[in-house]
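Remarks on the structure that follows.
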Amino acid sequence: MKIGVLALQGAFKEHEKMLTALGVKWCEIRQAEDLSKNLNGIIIPGGESTVISKLLIELNMMDKLQHILHTGVPVFGTCAGLILLSKQICDDTTTTIGAMDIEVKRNAYGRQLGSFAANGEFLGIGTIPMVFIRAPYIKSVGKNVQVLCTLQDKIVAARQENYLVTAFHPELTADLSVHKYFIQMVIDNIGNN
Amino acid sequence: MSNNRYELNVNLAQMLKGGVIMDVTTPEQAKIAEQAGACAVMALERIPADIRAAGGVSRMSDPKMIKGIQQAVSIPVMAKCRIGHIAEAQILQAIEIDYIDESEVLSPADDVYHIDKSKFDVPFVCGARDLGEALRRIAEGASMIRTKGEPGTGDVVQAVRHMRKIYSQIRHIQALRGDELFEEAKNLQVPINLIQYVFENGRLPVVNFAAGGVATPADAALMMTLGAEGVFVGSGIFKSGNPEKRAAAIVKAVTNYKDSDMLATLSQDLGEAMVGINEGEIKIIMEERGK
């Protein structure tokens, strides 16, 4: 098993550390050719969604990434990764990968003074620590989307088929459970093929 | 999960890694920077090259101008206050700035004390020339460090010197015996717990960017090669012939700093780079400010 971590900008090293802690092999995706490496799963990290989106387009990676996701390869997006996987962003024209039937609000909790940490209930896992940094939340979901976590009446984690997204950053905590959840998705997908 | 502001502020810097933070003086420039792929912008009235040219006392920017930039872009907005100027920092916190740069680019307000940054909720980034300066700023509450370099010169030599110095000092600490760390803390005039962190982890406890004199995609790639986790570009972009193109090229160079073929392509046809001032021609040495 090998997970590709999108390493264009942002906190990709933190995800790599989580995968290493779980004993999972990973490699960095920096260019289009890195997407040809038979990846069993992909992580899109936190960072600035405007930057990652622009680089995906200009480095000719967007089409290829979309194609891989359509083949059913599991993908996990945190924060900016969630924004990039959404089909729609409120009041924003950033181009996304457009995979999930969710509408997202960027910088939904305001500027850095609005960043916070909290404990929340994650469906199928239990209570986990969650760190929100200039975070988005999910404003609405389509009927095929399963809500995994709601915090203060806002949807902050969801799943649709092979797509998993969180508005918070499990990679900034010591808790491995969300990454384990994702790796289980990857194992199930390998088993199904 | 406790709401530790300092941790959250360190975390925001982690999200900026692998990115380029660009100096902008107007909402229009901020939009150009955002569209070119800046991960944050630094709002200031005059870029360092112009501060040098104008001379005189250089202060925090007009909050109205900063607010205009906050409204123009969705990415984090940073702004500078003078070293030791507690009130300027409070003003920037009041307008909910995302990061304060307690910066040697402005005229220092206090020639002895830096701001006690641990008393603030908003994060601070500070400049450093060596490991001692970096760890002293962190002890005061900085949640991000950048090299000082020599801003507004377009000459990368000082940033290179500072980055190499910081990493060679880190390697030196890692080579010590555990019982020698106390002496090293004394020599560097920093708290022992920070020396112990460096000893155990081989890095600063916060994100470390390069700044000061970066003018080309190759300069940015050089700083990444030397261990920078991202790059500040000040005068280098909007003092050049084609700011949009140069900004976008520097962003891509930071992401793919190891790919020399891509760097060659990115370095083509960028138009005129900023003129630059050589080390011997500098009249104001900004890096000497705040130790």
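The values are calculated or read from the model by the stated rules, or taken from the named source; none is laboratory data. Just so it is clear, the model here is predicted, and its values are computed rather than measured. Glycine gets a Cβ as well: all are built from the backbone with ideal geometry, and neighbour counts include every protein chain shown. Only protein heavy atoms, including side chains, enter the accessible area calculation; ligands, DNA and RNA are left aside. Shrake-Rupley method; radii C 1.70, N 1.55, O 1.52, S 1.80 Å.
Yes or no: A:LYS180 more than 14 Å from every other protein chain (Cβ to nearest Cβ) and either over 26 Å from A:LYS87 (Cβ atoms) or touching a residue at least 24 places away in the same chain (Cβ under 8 Å) (or both)?
Answer is yes for this residue.
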Legend entry - From the options B:SER107, B:SER103, residue that is without any contact (Cβ under 8 Å) to a residue 40 or more places away in the chain and of a type in the set (Ser, Thr, Tyr): B:SER103
Inset, instruction - Please state which of the following conditions A:THR150 fails to meet, knowing it meets all the rest: (1) crowded, with 24+ Cβ neighbours inside 10 Å; (2) over 23 Å from A:GLY23 (Cα atoms). - result: (1)
Inset, instruction - Considering only segment B:237-291, state which residues are of a type in the set (Lys, Arg) and part of a loop (DSSP other than H, G, I, E, B). - result: B:LYS239, B:LYS258, B:LYS283, B:ARG289, B:LYS291
Legend entry - Filtered residue count, segment A:104-140, keeping only those that are under 18 Å from B:ALA40 (Cα atoms), touching a helix residue (DSSP H, G or I) at 6+ places or on another chain (Cβ under 9 Å) and more than 9 Å from chain B (Cβ to nearest Cβ): 3
Inset, instruction - From the list B:ASN208, B:ASN193, pick out the single residue that is open to solvent by 70 Å² or more (accessible area, probe 1.4 Å) and either touching a Lys or Arg at 6+ places or on another chain (Cβ under 8 Å) or not charged (D, E, K, R) (or both). - result: B:ASN193
Inset, instruction - Please verify whether segment A:62-82 includes one or more residues that are buried (at least 19 other Cβ atoms within 10 Å of the Cβ), within 11 Å of another protein chain (Cβ to nearest Cβ) and closer than 30 Å to B:THR265 by Cα. - result: yes
Inset, instruction - Please state which one of A:GLU171, A:GLU103 is at pLDDT 95 or above, of a type in the set (Asp, Glu) and closer than 22 Å to B:TYR99 by Cβ. - result: A:GLU171
Legend entry - helices (runs of 4 or more DSSP H) fully within segment B:4-87 counting 2 or more residues that are within 12 Å of chain A (Cβ to nearest Cβ) and of a type in the set (A, V, I, L, M, F, W, C): B:5-16, B:27-36
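Pick from B:GLY127, B:GLY141, B:GLY202: which is in contact with a strand residue (DSSP E or B) (Cβ under 7 Å, 6 or more places away or on another chain), at pLDDT 95 or above and at positive phi?
On the way: B:GLY127 fails: at positive phi; B:GLY202 fails: in contact with a strand residue (DSSP E or B) (Cβ under 7 Å, 6 or more places away or on another chain).
Matching residue, one of B:GLY127, B:GLY141, B:GLY202: B:GLY141.
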Inset, instruction - Report whether or not B:ILE66 is β-branched (Val, Ile, Thr) and under 19 Å from the mean Cα position of the chain (by Cα). - result: yes
Inset, instruction - Kindly provide the set of residues from segment B:108-145 that are open to solvent by 10 Å² or more (accessible area, probe 1.4 Å), charged (D, E, K, R) and not in a loop (DSSP other than H, G, I, E, B), ordered by number. - result: B:LYS119, B:ARG136
Inset, instruction - Please indicate, with yes or no, whether at least one residue in segment B:231-243 is closer than 22 Å to B:VAL10 by Cα, open to solvent by 10 Å² or more (accessible area, probe 1.4 Å) and within 14 Å of chain A (Cβ to nearest Cβ). - result: no
Inset, instruction - Give segment A:42-55 a look and list any residue that's open to solvent by less than 10 Å² (accessible area, probe 1.4 Å) and over 15 Å from the mean Cα position of the chain (by Cα), or say none. - result: A:VAL51, A:LEU55
